[in-house]
1. Pull up the range 54-70, narrow it to residues that are among the hydrophobic types (A, V, I, L, M, F, W, C) and exposed (fewer than 15 other Cβ atoms within 10 Å of the Cβ), then point me to the one that is farthest from residue 20 (Cα to Cα).
2. Restricting attention to the range 240-257, does a residue exist that is crowded, with 21+ Cβ neighbours inside 10 Å, modelled with pLDDT of 95 or more and among the hydroxyl-bearing types (Ser, Thr, Tyr)?
3. Which is surrounded by fewer than 19 Cβ atoms within 10 Å (Cβ to Cβ), in the same structural domain as residue 174 (by TED's automatic domain parsing) and hydrophobic (A, V, I, L, M, F, W, C), of 199, 226, 215?
4. Which pairs turn up if I take residues in the range 10-34 that are without any contact (Cβ under 8 Å) to a residue 60 or more places away in the chain and farther than 16 Å from residue 62 by Cβ and look for partners that are of a type in the set (Gly, Ala, Ser) and surrounded by fewer than 19 Cβ atoms within 10 Å (Cβ to Cβ) with beta carbon separation below 6 Å, at least 6 apart in sequence or on another chain?
5. How many residues are modelled with pLDDT under 95 and out of contact with any Gly (no Cβ under 8 Å at 6 or more places or on another chain) when one looks only at the range 72-81?
6. Test each condition in (1) more than 19 Å from the chain's Cα centre (by Cα); (2) touching a residue at least 60 places away in the same chain (Cβ under 8 Å); (3) assigned to a helix (DSSP H, G or I) for residue 224 and report the one that comes out false.
7. Have a look at 147, 171, 182 and point out the one that is assigned to a helix (DSSP H, G or I) and in contact with a Phe, Trp or Tyr (Cβ under 9 Å, 6 or more places away or on another chain).
Amino acid sequence: MTVAPVDLTGVLPPVRKGNAFEETMERLLTVIKLGLVGPGERFPAERELAVQLGISRLTLREAIHELHEAGYVCSRRGRFGGTFVTYERPAPDSAVAAQLATKNADKLADALVFRLAVEGGAAEALARRFASERAGGAAFATERAALLARLAEVNGASPQEYRRMDTLFHLCISELTGSSLLASAAADARMRLNDLLNAIPVLPRNIGHAARQHAVITESILAGDADRARHEVAEHLEGTAALLRGFLALSDDHVRPRTATGVL
């Protein structure tokens, strides 16, 4: 599947000078783990990335070296060289998901509320923007095409690629609002649940259910219906929240969640 490139502006804002190395590592890991730069894909050139992060190329190279040592990236020389992602998501495992849910039980509720507020607000903001731009312009046509392209990507994704494509679809909504702060917050909210979501097996019935909800969310946004867009996102994320909470109810003898109507 050919995937449209991701605008990294929102998730890679300039880092604070006092903690540059650690923040650079955190930002690059977020990009890798969320699949914003997927396996085999290349990061922006060092020169561009250093400018975007507001750091020296030396600091960036040190961070890339650490990621290389940890097995997340590799570097290649030559005309078609650069820094390429080698990280592969671990295979889904319900037992691992249950362990992660139990370990992070205190943080899970907080992360779910945070995600609901951020993604619901992003959908509402984008719908309002589309409502004001529908009458004309190239901006609406371009942004509409971008959102529909992400929807097509997640609908056409294999089970192995589904989590990544779903992430790109959801983050696209916040990116299209034009707010880098909102895009960064959406990536942060997703990252807080990322390991747990990746550990949950993707079931065909879940994908079908999510596809219908994604379509309604997209329809609401493109129609400029802000209230409906927020409502549909809330309903979609509540299914996910129920699924994640279901893993908290698992005992050591069971690996199937009691609630499995949500996907992401």
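The values are calculated or read from the model by the stated rules, or taken from the named source; none is laboratory data. Here the structure is a predicted model, which means the values were calculated and not measured. Here the Cβ positions follow ideal geometry from the backbone for every residue, glycine too, while neighbour counts run over all protein chains shown.
1. Residue satisfying both the conditions and the ranking: 70.
2. no
3. Details: 199 fails: surrounded by fewer than 19 Cβ atoms within 10 Å (Cβ to Cβ); 226 fails: surrounded by fewer than 19 Cβ atoms within 10 Å (Cβ to Cβ).
Being surrounded by fewer than 19 Cβ atoms within 10 Å (Cβ to Cβ), in the same structural domain as residue 174 (by TED's automatic domain parsing) and hydrophobic (A, V, I, L, M, F, W, C) holds for just one of 199, 226, 215, which is 215.
4. Within 6 Å, the pairs are 14/54.
5. Qualifying residue count for the region: 5.
6. With (1) more than 19 Å from the chain's Cα centre (by Cα); (2) touching a residue at least 60 places away in the same chain (Cβ under 8 Å); (3) assigned to a helix (DSSP H, G or I) applied to residue 224, the lone miss is (3).
7. Working: 171 fails: in contact with a Phe, Trp or Tyr (Cβ under 9 Å, 6 or more places away or on another chain); 182 fails: in contact with a Phe, Trp or Tyr (Cβ under 9 Å, 6 or more places away or on another chain).
Criteria check complete, one pass: 147.
Quick grid of which residues meet (1) assigned by TED's automatic domain parsing to the domain that holds residue 191; (2) surrounded by 13 or more Cβ atoms within 10 Å (Cβ to Cβ):
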| position | (1), (2) |
| --- | --- |
| 72 | no, yes |
| 75 | no, yes |
| 81 | no, no |
| 109 | yes, yes |
| 140 | yes, yes |
